[in-house]
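As C-alpha cells, the structure follows; a few thoughts come after it.
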Amino acid sequence: MRTDTAPTPTLLEDYTPPSHELTSVYLDFDLQPSATSVRSKIDVKRLRDEPLVLNGENIDLRSVKIDGKVLKRTDYKLDQEKLVLAKTPESFVLEIETVCDPSANSTLMGLYVSGGRFCTQCEAEGFRRITYYPDRPDVMSVFTVRLEADIATYPYLLANGNKIEDGAVSDKTGRHYAIWHDPFPKPAYLFALVAGEFDVLEDSFTTMSGRHIPLEIYVDPGNASKAEYAMDALKRSMKWDEQVFGREYDLDLFMIVAVRDFNFGAMENKGLNIFNSSLLLADAASATDMNFERIESVVAHEYFHNWSGNRVTCRDWFQLCLKEGFTVFRDQEFSADQRGGAVQRIKDVRALRGRQFAEDAGPLAHPVRPNAYMKIDNFYTATIYEKGAELIRMLKTILGAERFRAGSDLYFKKMDGTAATVEQFIACFEEASGEDLTQFMRWYEQAGTPKLKVLRETISQGAHRIHFMQSTKPTPGQSEKSPVVIPIRWQIVGDNGALSEPKLTLLTGSGTSVTYPRIDEPYSVSILQDFSAPVTLETDATTDDLLRLMGADPNAFNRWEAGQTLARHLIANMAKAIETGVTPPADTALKGYCEALKKTLDDPDFNNAFKAFVLTPPASSEVMQSLEQVDPIALHEASKWLSRAIGDLLRDDLLDRYHALADTHDFRPDARSAGRRALRNRCLALLASRQDPLAATLSQTQLSESTNMTDELAALMALTRLGGQRVETTMEDFYTKWESDPLVLDKWFSVQAMRRHADGVHAIEQLTESSRYQRNNPNRVRALVGGFAMGNPELFHRIDGSGYRFFTDQVLDMDSRNPQIAARLLGAFEIWKKLDDRRQDMVRGELERVIASNPSKNVLEIAEKTLGA
Ligand code: PHE
Ligand code: ZN
C-alpha cells in the first residue's frame, strides 16, 4: 500500500470510544481461491450521533444495505482505507457484500492461501482485508460464520467457536458448508477461518469443573504424528492454567491448525489457534530440542491468551502489552515449572538482553506502552513482549505470590468480556493488594533500560554499606527520565556460599543504601538475583568477586551471570586490543574464568542444561551493547578467541565429558535428555572452535550416526565451523537427505546463511536466486536473509559494504510482497550507531536508499526511525 499523502501517526491521546455497538455479526463466505465473496449482516446500535466508520483495504465493495435497502453511491463515502456512513438510524441491520482475492494475497494478512488451503490472519488490522468493518479491538461482537467451499479440495471448514451445522449445499454440486457460532463476544482481530484438506490429531481434556473438551490439531496430510508433542504440551498448559491461575477453558472444542506460510509464530484466535508449522510440528529425526522447547512454550502462550487476551482484550493497540507482556510472563512461568527455574530464567534473560536491550538502547526504543505509531505491525516488538513480561514479573516480586494471584483473579473477574487498559489492570492489583502502584506505571511509560549502579563502602567498625543508584539515558522523544521502582534481590556470599539471607530492597528514588555488619572473611555481594529487574548493572565487583560468585553464589542464575560478566570483560578487552593492533596483556582473569568453568562442569549439584549455559559466553551482539562504538569484525574475532581459549584450556575435560554424555537411550524430548545433549554438543562446539582435528572426526561420526536432529545439526554446524573442502559435499548430502521436509530445509538455509563462504556475500546472493529458495515464505526468508544479517557478522559487516547492499536489496524485494516481514528484517540495522564511522556511513547510505525507493508504510517507519529522521 503506497501512499502519496504524508502519513499521519495514530496517537494514544486521540482515543475515543466506538460510536456504534455491534450486537451480532453474521458472515457468509463463498470460498473460491481467486474470488471469495463475503456477505456480512450486522445488527448495529448507534451510541453517539456520529458517522459509522468501517475499515477496508484491498477488497471490492459490491453492495451496502441498511435495513434491506440498497444504498446509492452517494449515500456513503468510500476511499482506499474506509467506508463511511454519515447518517445512520439508531438501530439497524447493515449488510455488506465484498469480494477479495486470497490467492493473490502475498501479505499473509486477511484471507490468504497457504499450501492450497484457505487461512486467515487478522491481528492486528487484517480483518479489514476481508470485509468492511470497524476493525478496532474495542468493538466486540458475537460472531456466527457460514463457510461454503468445494468438498473435494476443502473437506474441512473451520471457524471460531462451536460448529452448529454442516452439510451439502443442495443446489450446487460438489459444494458443502458449515456454520460456526462463537458465543463469546470478540474483536475482529480474533476472527479466524480455515478450509482445506488435513490430517487431524485428536485427543481430549477434562476441565476442573468436569467438562469434556475435544482437542484437535490440523496438519498437512501425513504429519499427524509430528503434532503429538504439541498436543501433549497443550494438555499440560490447560492443566497448569487451572492450577496456577485458576483459569478454565470455556468453549466446547479447542482446535489448532498448522500452516507453512505465516508472518509470526502463532495466533490465538478464539478456539482456533493458527500456528506457523515451525512452531508446531516436531519429531526426533527432524526437530531439535530447541524446537521442542519453543513448541511447548508457544502452544502454552497461545492457549493462555484465551484468558489474557481473548476473555479480556485490549481497548486499543497501545495496550498491546496488556495481553502480550502478561501472556509471555505466563508462558515463561509455565516453562520454568516444566523445565526448571534457573535454566528457564537464563534463557529468558538471554533473549531479553539480546533483543530487547538492543532495541531499548537504539533508535527504535519505545515504551512498553507506546503513545504513537505509524503501523501497529511494527510494534510487535521485544519491548512489548519481553520487557512487558519483565514488568509483570516485577509486579509479582513486589507484591509477593499471594497478592499477585489475588490481583490476577480480580482482573479476570472484573474485566471479563471487556477491552481493557493497562491502568485498569494495575488498578486491580492495587485493589487486591492495598499497595499504591502509581510509580510502577512509569515502567510502562518510559523507554530505555535503567542502569543500576552499585558501590560498596566500609563504614565504622568494619561494617559495610551498599549504595544503589539508578539512571536512564535519554531515548528518542524522551529526554527526561524519572526514577522507576526497582526491586533488587541481593545476598552476601563467601567462598563457601551464603553469608546472609537473600534480601529484597526496593529502589524508588535515584539512590538508596543498605548497611550490614562486619564480616570476618572475604565476601562478595550477589546483586539482582534471578534478574529481579530488567536493568543493566554497573558494580565495583573485581575479578575476584566475580570468580567467587561463579563458584559459590547460592543463586544459580547469578552464578551463571557472574561468568557472563567476566566473559563480557574478556571479550571487550580483546576486541579493543584487536582494533588498536596492540597485543593484549596475558590475562590472569582468563585462567581463573576457565578454572571456574571447570569447577561448575564437575559439580554434581548442577544439571547439564545449566552447565551448557555456563559454558556459553555471551554473543558478540550482547557485548556490543556495553561498548560505545566498535569494529564488529574485531568484536567477532574477540568472541571467537574466547571460545578458542576455553577449548584450549579445558580440552581434556571437554573431550571426556563429550564421551561420557553419549546417548544410550531412545530419543526423549524431556528437559533432562535435552540438557544432556545441550552440554555434549556445547563441548563439541568448543572443541571445534579450537580447530581440533579430533573435533572433525567426532563431528563426522556424530553426523552420520545421530538419530535426532539436535545432534545432527550440532555436528553439521561444528563441521562448517571447522571448514575445509568437505563442507560443500556435507552440506549437499544434508540437503538431499532432507529435500522433502521444508522445516529442515529452513535449518539448512540458516546454516548456509551463517557460514564463512569463501566467495563472501556472493554465495548468499546465489542462494537467494536458486530454485531451492522460496522468496514468498517468511520462514525461508528469515532463515536466509535474517540469518545472514543477525548471524554472520563477518559477511554482513564486510568493509566493502557488499553485505549491507545485498541485505538492503533483499529487504526492498520483500517489501513489494510482504511489508511486515520486510520491516522486521530491516530491524537488523538498529545497532548501526554502535559501528565504526566508516560502516555507519555505509548503513546511512542504505537507509537513505530505502526511503528514496517509495517503500511501504511499514518499511518507511522503520527506516526513518532508524535513521533518526
Ligand atoms: N498475537 C500473537 C501472539 O503473540 C502474535 C501475532 C501478532 C501473530 C500478529 C500474528 C500477527 O501470540
Ligand atoms: Zn501473544
(request) Any chance you could count how many residues in segment 648-665 are of a type in the set (D, E, K, R) and free of Cβ contacts under 8 Å to residues at least 40 places away in the same chain? (result) 2
(request) At least 1 residues that are farther than 18 Å from residue 150 by Cβ and either free of Cβ contacts under 8 Å to residues at least 12 places away in the same chain or in contact with a helix residue (DSSP H, G or I) (Cβ under 7 Å, 6 or more places away or on another chain) (or both) in each: list the strands (runs of 3 or more DSSP E) lying fully within segment 169-219 that qualify. (result) 199-206, 212-219
(request) May I ask you to say which residue of 550, 574, 469 is surrounded by fewer than 21 Cβ atoms within 10 Å (Cβ to Cβ) and among the hydrophobic types (A, V, I, L, M, F, W, C)? (result) 469
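Per-residue answers, yes or no, for (1) hydroxyl-bearing (Ser, Thr, Tyr); (2) more than 16 Å from ligand 2 (Cβ to nearest atom):
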position: 377; (1), (2): no, no
position: 382; (1), (2): no, no
position: 388; (1), (2): no, no
position: 395; (1), (2): no, yes
position: 408; (1), (2): yes, yes
position: 423; (1), (2): no, yes
(message) Criterion first (more than 34 Å from the chain's Cα centre (by Cα), within 16 Å of residue 38 (Cβ to Cβ) and not in a loop (DSSP other than H, G, I, E, B)) does residue 148 satisfy it?
(response) yes
(request) Take the residues in segment 298-313 that are more than 9 Å from ligand 1 (Cβ to nearest atom) and among the aliphatic types (A, V, I, L, M), then tell me which one is surrounded by the most Cβ atoms within 10 Å (Cβ to Cβ). (result) 299
(request) May I ask you to list the residues in segment 707-751 that are under 30 Å from residue 220 (Cα atoms) and in a loop (DSSP other than H, G, I, E, B)? (result) 707, 708, 739, 740, 741
(message) Restricting to segment 332-389, name every residue that is closer than 19 Å to residue 557 by Cα, touching a Leu at 6+ places or on another chain (Cβ under 8 Å) and not basic (Lys, Arg).
(response) 386
(message) Of the conditions (1) within 16 Å of ligand 2 (Cβ to nearest atom); (2) buried (at least 23 other Cβ atoms within 10 Å of the Cβ), residue 360 satisfies every one except a single condition; which number is it?
(response) (1)
(request) Sort out which residues of segment 375-417 are touching a helix residue (DSSP H, G or I) at 6+ places or on another chain (Cβ under 8 Å) and not in a helix (DSSP H, G or I), and write them in order of number. (result) 375, 380, 381
(request) Go through segment 314-340 residue by residue and tally those that are over 17 Å from the mean Cα position of the chain (by Cα) and either within 11 Å of ligand 1 (Cβ to nearest atom) or basic (Lys, Arg) (or both). (result) 4
(request) Answer yes or no as to whether residue 621 is modelled with pLDDT under 95 and closer than 17 Å to residue 563 by Cβ. (result) no
(message) Quick check on residue 775: is it in a loop (DSSP other than H, G, I, E, B) and either in contact with a Leu (Cβ under 6 Å, 6 or more places away or on another chain) or not polar (S, T, N, Q) (or both)?
(response) yes
(message) Out of everything in segment 258-279 that is within 13 Å of ligand 1 (Cβ to nearest atom) and either at pLDDT below 95 or under 23 Å from residue 671 (Cβ atoms) (or both), what residue ends up being surrounded by the fewest Cβ atoms within 10 Å (Cβ to Cβ)?
(response) 265
(request) Of the conditions (1) under 30 Å from residue 818 (Cβ atoms); (2) over 15 Å from the mean Cα position of the chain (by Cα), residue 396 clears all except one; give me its number. (result) (1)
(message) Only one of 346, 295 is closer than 30 Å to residue 775 by Cα and either within 11 Å of ligand 1 (Cβ to nearest atom) or hydrophobic (A, V, I, L, M, F, W, C) (or both). Can you tell me which?
(response) 295
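Being modelled with pLDDT under 95 and not basic (Lys, Arg), is that true of even one residue in segment 677-689?
So far as segment 677-689 goes, no, none of its residues is modelled with pLDDT under 95 and not basic (Lys, Arg).
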(message) Residues that are outside the structural domain of residue 137 (by TED's automatic domain parsing) and within 16 Å of ligand 1 (Cβ to nearest atom): does segment 392-399 have at least one?
(response) yes
(message) Anything in segment 798-840 that is more than 24 Å from the chain's Cα centre (by Cα), assigned to a loop (DSSP other than H, G, I, E, B) and more than 24 Å from residue 353 (Cα to Cα)? List them, or say none.
(response) 798, 799, 800, 801, 816
(request) May I ask you to verify whether residue 57 is among the charged types (D, E, K, R), more than 16 Å from ligand 2 (Cβ to nearest atom) and part of a strand (DSSP E or B)? (result) no
(request) Return the only residue of 699, 704 being assigned to a helix (DSSP H, G or I), surrounded by fewer than 19 Cβ atoms within 10 Å (Cβ to Cβ), more than 29 Å from the chain's Cα centre (by Cα) and not β-branched (Val, Ile, Thr). (result) 704
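Condition check ((1) assigned by TED's automatic domain parsing to the domain that holds residue 39; (2) of a type in the set (Val, Ile, Thr); (3) touching a Gly at 6+ places or on another chain (Cβ under 8 Å)) across all residues:
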residue	(1), (2), (3)
118	yes, no, yes
126	yes, no, yes
132	yes, no, yes
138	yes, no, no
144	yes, yes, no
156	yes, no, yes
159	yes, no, no
169	yes, yes, no
(request) Return yes or no: is residue 486 in contact (Cβ under 8 Å) with a residue 40 or more places away in the chain and either under 25 Å from residue 366 (Cβ atoms) or of a type in the set (Val, Ile, Thr) (or both)? (result) yes
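The values are calculated or read from the model by the stated rules, or taken from the named source; none is laboratory data. Computed from a predicted model, the values in this text were never measured in an experiment. Cβ sites come from the backbone with ideal geometry, for glycine too, and all protein chains shown count toward neighbours.
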